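Visitor: The structure under discussion is supplied below as structure tokens; questions concerning it will follow.
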Amino acid sequence: MEEFTDLISGTSEMVDLGTSENLFLVYAKREKARLKVKLDSGEEIGIRLKRGLVMRGGDFLRSKSGRLLTVVSAKENLSVVNSESSMNLARVAYHLGNRHVDVQIVVNALFYLSDDVLDDMVRGLGFDITFKQGPFEPESGAYVNRSHGH
């Protein structure tokens, strides 16, 4: 089984990364430093990264042989809270964060992984929720290490 140990930021200045295969992962897997996954081809690979790194959509994984994989954020079921008021979104983010829920913040909205209990809580705060399937790229937090080799 081939092992991938280098994480290369998708925003790096590297000019020639060559060709790569796509690796679709949900966020729960992208935040793990060590895991085994199957590629679409059925091949099983290992990922062994420095602890504390989080794979983001658009990042690259490289094996010792130089083989590259492009990390793609797989679609997930998301709850969406929309508001023109940043104060309202901050209020929702506060209550979700108080429950250690990962949130993705965009202009006039925030996303979290759909959960009936959390949806009821947000509705109880007076907000409407819509649902969508899409990639989930939550805030990484103040203590997550995003510095890695290029």
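The values are calculated or read from the model by the stated rules, or taken from the named source; none is laboratory data. Because the structure is predicted, anything quoted here is derived from the model rather than measured. When we count neighbours, we look across all protein chains shown, and the Cβ atoms used for this are built from the backbone with ideal geometry, even at glycine.
Visitor: Taking segment 44-91, which residues are in contact with a Ser or Thr (Cβ under 9 Å, 6 or more places away or on another chain), of a type in the set (S, T, N, Q) and crowded, with 16+ Cβ neighbours inside 10 Å?
Guide: Once the filter is applied, which keeps residues that are in contact with a Ser or Thr (Cβ under 9 Å, 6 or more places away or on another chain), of a type in the set (S, T, N, Q) and crowded, with 16+ Cβ neighbours inside 10 Å, segment 44-91 yields Ser63, Thr70, Ser79.
Visitor: Go through segment 46-74 and give me each residue that's over 20 Å from the mean Cα position of the chain (by Cα) and part of a strand (DSSP E or B).
Guide: The one that is over 20 Å from the mean Cα position of the chain (by Cα) and part of a strand (DSSP E or B): Ser63.
Visitor: Only one residue in Leu25, Leu35, Leu61, Leu53 is aliphatic (A, V, I, L, M), closer than 27 Å to Tyr112 by Cβ and in contact (Cβ under 8 Å) with a residue 60 or more places away in the chain. Which one?
Guide: Numbers: Leu25 fails: in contact (Cβ under 8 Å) with a residue 60 or more places away in the chain; Leu35 fails: in contact (Cβ under 8 Å) with a residue 60 or more places away in the chain; Leu61 fails: in contact (Cβ under 8 Å) with a residue 60 or more places away in the chain.
Checking each option against the conditions leaves just Leu53.
Visitor: I've got another one for you. Is it fair to say Leu69 is of a type outside the set (Lys, Arg) and in contact with a His (Cβ under 7 Å, 6 or more places away or on another chain)?
Guide: no
Visitor: In addition: Taking strands (runs of 3 or more DSSP E) that do not extend beyond segment 75-127, which have at least 3 residues that are touching a residue at least 40 places away in the same chain (Cβ under 8 Å)?
Guide: By residue number, 75-82.
Okay, residues lined up against (1) farther than 19 Å from Lys132 by Cβ; (2) at pLDDT below 95:
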| position | (1), (2) |
| --- | --- |
| Glu31 | yes, yes |
| Lys36 | yes, no |
| Leu39 | yes, yes |
| Leu53 | yes, yes |
| Gly66 | yes, yes |
| Ala90 | yes, no |
| Gln104 | no, no |
| Ser114 | no, no |
